[in-house]
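The values are calculated or read from the model by the stated rules, or taken from the named source; none is laboratory data. Here the structure is a predicted model, which is why all the values come from computation and not from measurement. Cβ coordinates were reconstructed from backbone atoms using ideal geometry, including for glycine residues, and neighbour counts include every protein chain displayed.
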Amino acid sequence: MSEEPPSTEYEVIVVGGGPAGMTAALYSTRLGHRTAVVSRGGGRAAMMQEVHNLLGVREETSGAEFLGIGREQLEEYGCDFYQDLVSSCSREEEGLIRLSGNNDDYDTEIVILATGFNDVRPEPPLPRTGRGLHYCLHCDAHMFVDKSVYVMGHSESAAHVAGIMLNFTDEVDLLTRGDDPEWSDETAGMLERHPIDVVHEDVTGVQNGDDGWLKALEFEDGTVREYRGGFAMYGAEYNNGLARELGCEINDDGTIEVGDHGQTSVEGVYAVGDCTPGHNQLPVGMGQGAKAGIDVHFRLRDFPRDSDILDEQGPVRSAEVPGIPDELLEQAVDFHTYD
């Protein structure tokens, strides 16, 4: 009989290495809890060619660079990183949560799910992502002020985004690509009374400029329309499989139901970032990660002990403090330069 693969145990494990998950890990590590991040790699933030709307981070910073600096910071504080895909999870008899990855098993008292979502891509032909094809209005609308813009989709949200883009430019087309519109009569009336061209013909070709950015789209009726860029609005697929396996409540749209500090409906399980309801923005996700990390600390910290525990065990002895694990204590002392 083969031996079971070794299990790595932590107080806190974050599944997902995006901004929300790494911020949660930053707080739990710096607050003295043995923490690991298990990430499959990639993700929406890693694909960003420029970081927007994040105070103190210049826009020429790429998502990969931003995340790389974050990982370096975490490792300096003592957080462990694993490149692995967590494929299943379970509650163990001793109360720990076991996360089973392709490379190893990981046991933890607290798990923070930062698994994000995937944008649903329309069928090709398409412009290059980040060079004419975009998914986040709040991130990228500023890039298209006074430029010709398309919104691709046939849903209520697509029509709504087309209307919003009139705040930034007077050239907005709504491309249904041959699909039947799913918006309401009221929304159809809104479109008719705003300067938005609804184009029903499908896209048959893409023209790019010398800089790699979108220049124009070709349509099946032979027309060519010039655009600087636009937004695809086909919804999202939320990565909620682990949350479902642990028994967490899932909202109708596929997001994980959470409380004010990221707590799910299951004890010891948190969720932060794009897999939860709300705006899918770097600062929002990072704020959620910070709140979850602090709340986890309140749950796990040793001191001050409750009165009933003190009555049972007696006063705290000097040898029991500080509560931070030895390896994190040593790393913190090495990190800071007090001399």
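Select from the range 22-48 the residues that are aliphatic (A, V, I, L, M), at pLDDT below 95 and under 20 Å from residue 103 (Cβ atoms) and list them in ascending order.
46
What residue, of 284, 269, is in contact (Cβ under 8 Å) with a residue 24 or more places away in the chain, within 22 Å of residue 237 (Cβ to Cβ) and surrounded by 11 or more Cβ atoms within 10 Å (Cβ to Cβ)?
When all the criteria are applied, what remains is 269.
Only one of 278, 287, 259 is in a helix (DSSP H, G or I), within 24 Å of the chain's Cα centre (by Cα) and among the small types (Gly, Ala, Ser). Can you tell me which?
Answer to the selection: 287.
Just one of the numbered conditions (1) in the same structural domain as residue 251 (by TED's automatic domain parsing); (2) touching a helix residue (DSSP H, G or I) at 6+ places or on another chain (Cβ under 9 Å); (3) surrounded by fewer than 21 Cβ atoms within 10 Å (Cβ to Cβ) is not true of residue 110; which one?
Checking residue 110 against (1) in the same structural domain as residue 251 (by TED's automatic domain parsing); (2) touching a helix residue (DSSP H, G or I) at 6+ places or on another chain (Cβ under 9 Å); (3) surrounded by fewer than 21 Cβ atoms within 10 Å (Cβ to Cβ), the one that fails is (3).
Can you tell me which of 36, 46, 24 is buried (at least 16 other Cβ atoms within 10 Å of the Cβ), of a type outside the set (S, T, N, Q), touching a residue at least 60 places away in the same chain (Cβ under 8 Å) and in a helix (DSSP H, G or I)?
Exactly one residue qualifies, and that residue is 24.
Surrounded by fewer than 16 Cβ atoms within 10 Å (Cβ to Cβ), at pLDDT 95 or above, aliphatic (A, V, I, L, M) and closer than 21 Å to residue 122 by Cβ: is that true of residue 206 in this structure?
no
Give the number of residues within the range 247-266 that are surrounded by fewer than 18 Cβ atoms within 10 Å (Cβ to Cβ) and hydrophobic (A, V, I, L, M, F, W, C).
2
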